[in-house]
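This is the structure I have questions about; it appears just below.
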Amino acid sequence: MIKKRSSPADAKKARLPEHEGHVSAFRARSKLSFDRLVEMGRKMGMENPLFACHERAAKATSLINGKEYLNFSTYDYLGINAHPEITDVVTEVARVFGTSSGASRLVGGERPQHRELEKCFAELYGVEDCIVYVSGHATNVSTMGFLFSARDAIFHDGLAHNSLIQGARLSGASRYSYAHNNCDDLEEKLKSHRSAHKRAVIVTEGLFSMDGNIPDLPRIVALKKKYDCMLLVDEAHSLGVLGKTGRGVREHYGIDSTEVDMWMSTLSKAMCGCGGFIAGSRELVEHLKYGSPGFVFSVGMPPVIAAACRKALEIMLREPERVQRLQRVSKYFLQYAKSKSLDTGSAQGYAVLPILVGDSMVTGFLSTALFKRGIYVMPVTFPAVQEGTARLRFFLSSVHEEEHVRQALDAVAEEMSKAQSLVEQYRREHE
Ligand SMILES: Cc1ncc(COP(=O)(O)O)c(C=O)c1O
């Protein structure tokens, strides 16, 4: 028998405690773009471009390591995080209820802020009821994972958010991904596969978080009816952004709210809190409240957060000029980017504005160069998007001014070719 000689890697593994060996193996297998971003940042003299610590509420500008940055990396679309009315209500609620719900609402009971918030969102979407979960991501994972099962089918947009995909996977249902924002492809997939399944759901976003474009919701509604499906619309980036008064994609198209079975949104974006909700029929909400694991087996949303989100919603409805300002500055971004020959892809000019760069490494270098110039915008690289479609993703808010947009895009245009040369040089030296 030939005895295998141990390699240096084997010898190292043998010296590692058991758990370190496992973790190192995970890391070695991982193709996370974040690892590469950190490495690139280091090469450009930055400690770590990720996990930057903001030293006050991040608005159009933010304070990081004592330096002021132009900020395009937060989802406070209406510029109301740290609004004095929100801070006041949070302080009052914390005095009476503390900061925790203490247990799952089902067993530990609720606080008035929970139902008040749910009623507000049911009313906003013109449906019977609403359930609020403690996390936006968990809302999608748990709702889809609980409602659907092996005999069912989930038809989702190819660029649907990770939480929707994870929920679909958890459910065990057959999963059909249709080409991004392509209703012809959706119809093809429905035609081919719908009849093989018991129940089916179509899943889309109100405003896509990667490309900043809007689905053809009226056509999706027609398809859902034609092929007898349910429909879930994730309003994470659409609530507070689309429609004259920020009521989302429903208001944008003027469609009847009952055409959609599940209106989902996170509360971490325009609502300045965290958590998520599903608004729909009373029967659906009751079913989720007694069964959905992310609700039943998870703590209730802290009452202070519920109160903060309710106040944020009140401010949004009272001051629609915030929504209109956001839409104006977003359209300006689109025009100005075009005037600088920057590629905004299929963005339609609503708060989420990508600048397509292409190469992941160039995008990483570019965002690091911008950070050094006092502009904070995060790169989105492979595997979050396909290689060749890496981008800088700008999130605008109603407190951004046209001057901020010009300053940032002038810098992007100036730094783009420098980043390309740096990457070429880096590749020559390392590959
Ligand atoms: C479309 C979409 N859905 C769900 C989520 C998850 O929400 P949260 O970050 O509030 O957990 C996000 C987060 O960015 C999102 O973009």
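The values are calculated or read from the model by the stated rules, or taken from the named source; none is laboratory data. What you see is a predicted model, and the numbers here were worked out from it, not measured in a lab. Using ideal geometry, Cβ is built from the backbone for each residue, glycine included, and neighbour counts are taken over all protein chains shown. We work out accessible area using only protein heavy atoms, side chains counted, and drop any ligands, DNA or RNA first. Shrake-Rupley method; radii C 1.70, N 1.55, O 1.52, S 1.80 Å.
I need every pair where a residue in region 195-221 that is free of Cβ contacts under 8 Å to residues at least 40 places away in the same chain has its Cβ under 6 Å from the Cβ of a residue that is more than 12 Å from the ligand (Cβ to nearest atom) and among the polar types (S, T, N, Q), sequence separation at least 6 or different chains.
none
Restricting to region 143-163, give me the number of residues that are among the small types (Gly, Ala, Ser) and within 16 Å of the ligand (Cβ to nearest atom).
Here is the first cut: in region 143-163, the residues among the small types (Gly, Ala, Ser) are 145, 149-150, 153, 158, 160, 163.
In the following step, the residues that additionally are within 16 Å of the ligand (Cβ to nearest atom) were identified as 145, 158, 160, 163.
Number satisfying all stated conditions: 4.
Any chance you could count how many residues in region 66-76 are open to solvent by 10 Å² or more (accessible area, probe 1.4 Å), within 16 Å of the ligand (Cβ to nearest atom) and not charged (D, E, K, R)?
Selection size over region 66-76: 3.
Another question about this same structure. Applying the selection to region 208-228, what residues are open to solvent by less than 60 Å² (accessible area, probe 1.4 Å) and in contact with a helix residue (DSSP H, G or I) (Cβ under 7 Å, 6 or more places away or on another chain)?
Step one: of region 208-228, the residues open to solvent by less than 60 Å² (accessible area, probe 1.4 Å) are 208-215, 217-218, 220-224, 227.
Within region 208-228, 214, 217, 218, 220, 221, 223, 227 qualify.
Next question, about the same structure. Condition first: under 20 Å from the mean Cα position of the chain (by Cα) and part of a helix (DSSP H, G or I). Can you find one or more residues in region 230-244 that meet it? Break it down into steps so the answer makes sense when it comes.
Start the filter on region 230-244 by keeping residues that are under 20 Å from the mean Cα position of the chain (by Cα), which leaves 231-243.
Adding the requirement that they be part of a helix (DSSP H, G or I) leaves none.
Scanning region 230-244, I find no residue that is under 20 Å from the mean Cα position of the chain (by Cα) and part of a helix (DSSP H, G or I), so the answer is no.
While we're here: Please tell me if residue 387 is surrounded by fewer than 18 Cβ atoms within 10 Å (Cβ to Cβ), touching a residue at least 12 places away in the same chain (Cβ under 8 Å) and acidic (Asp, Glu).
yes
If you check 134, 90, 127, 141, which single one turns out to be modelled with pLDDT of 95 or more and open to solvent by less than 30 Å² (accessible area, probe 1.4 Å)? Spell out the reasoning first.
Values: 134 fails: open to solvent by less than 30 Å² (accessible area, probe 1.4 Å); 90 fails: open to solvent by less than 30 Å² (accessible area, probe 1.4 Å); 141 fails: open to solvent by less than 30 Å² (accessible area, probe 1.4 Å).
Only one candidate passes the filter, namely 127.
Something else: Out of the residues in region 274-310 meeting the condition of being open to solvent by 40 Å² or more (accessible area, probe 1.4 Å) and closer than 22 Å to residue 100 by Cα, tell me which one is nearest to the ligand (Cβ to nearest atom). Steps first, please.
So in region 274-310, the residues open to solvent by 40 Å² or more (accessible area, probe 1.4 Å) come out as 274, 281-283, 286-287, 290, 293, 297, 299, 305, 310.
If we keep only those that are closer than 22 Å to residue 100 by Cα too, we end up with 274, 290, 293, 297, 299, 305, 310.
Working: 274: 6, 290: 23, 293: 16, 297: 17, 299: 15, 305: 11, 310: 17 Å.
Restricting to residues being open to solvent by 40 Å² or more (accessible area, probe 1.4 Å) and closer than 22 Å to residue 100 by Cα, the top hit is 274.
Within region 77-142, which helices (runs of 4 or more DSSP H) (wholly inside it) include 3 or more residues that are more than 16 Å from the ligand (Cβ to nearest atom) and in contact with a helix residue (DSSP H, G or I) (Cβ under 8 Å, 6 or more places away or on another chain)?
So the answer is 84-97, 112-125.
Please work out if residue 111 is modelled with pLDDT under 95 and either open to solvent by 40 Å² or more (accessible area, probe 1.4 Å) or not assigned by TED's automatic domain parsing to the domain that holds residue 394 (or both).
Working: modelled with pLDDT under 95: no; either open to solvent by 40 Å² or more (accessible area, probe 1.4 Å) or not assigned by TED's automatic domain parsing to the domain that holds residue 394 (or both): yes.
It is false that residue 111 is modelled with pLDDT under 95 and either open to solvent by 40 Å² or more (accessible area, probe 1.4 Å) or not assigned by TED's automatic domain parsing to the domain that holds residue 394 (or both).
Still on this structure: What tally of residues in region 170-186 results from selecting those that are touching a residue at least 12 places away in the same chain (Cβ under 8 Å), of a type outside the set (S, T, N, Q) and either open to solvent by 30 Å² or more (accessible area, probe 1.4 Å) or within 20 Å of residue 383 (Cα to Cα) (or both)?
Total satisfying the criteria: 7.
Name the pairs: first residue in region 133-146 and under 17 Å from residue 105 (Cβ atoms), second residue within 9 Å of the ligand (Cβ to nearest atom) and assigned to a helix (DSSP H, G or I), Cβ to Cβ under 6 Å, at least 6 apart or on different chains?
If the second residue must be within 9 Å of the ligand (Cβ to nearest atom) and assigned to a helix (DSSP H, G or I), the pairs left are 133/139.
Step by step: first the residues of region 258-271, then only those that are away from the ligand (no atom under 11 Å from the Cβ) and open to solvent by 10 Å² or more (accessible area, probe 1.4 Å), then the one that is nearest to residue 230 (Cα to Cα). Which residue is that?
Per the stated criteria, the residue is 261.
Take region 275-298 and flag every residue that is farther than 17 Å from residue 114 by Cβ and in a helix (DSSP H, G or I).
283, 284, 287, 291, 293
Okay, moving on. Kindly evaluate residue 399 against the criterion of being out of contact with any helix residue (DSSP H, G or I) (no Cβ under 7 Å at 6 or more places or on another chain), of a type in the set (A, V, I, L, M, F, W, C), assigned by TED's automatic domain parsing to the domain that holds residue 54 and open to solvent by 30 Å² or more (accessible area, probe 1.4 Å). Write out each step before concluding.
Values: out of contact with any helix residue (DSSP H, G or I) (no Cβ under 7 Å at 6 or more places or on another chain): yes; of a type in the set (A, V, I, L, M, F, W, C): yes; assigned by TED's automatic domain parsing to the domain that holds residue 54: yes; open to solvent by 30 Å² or more (accessible area, probe 1.4 Å): yes.
Answer is yes for this residue.
Only residues in region 263-291 that are free of Cβ contacts under 8 Å to residues at least 40 places away in the same chain count as the first member; pair them with residues that are near the ligand (Cβ under 9 Å from one of its atoms), Cβ under 8 angstrom, at least 6 apart or cross-chain, and list the lot.
273/267
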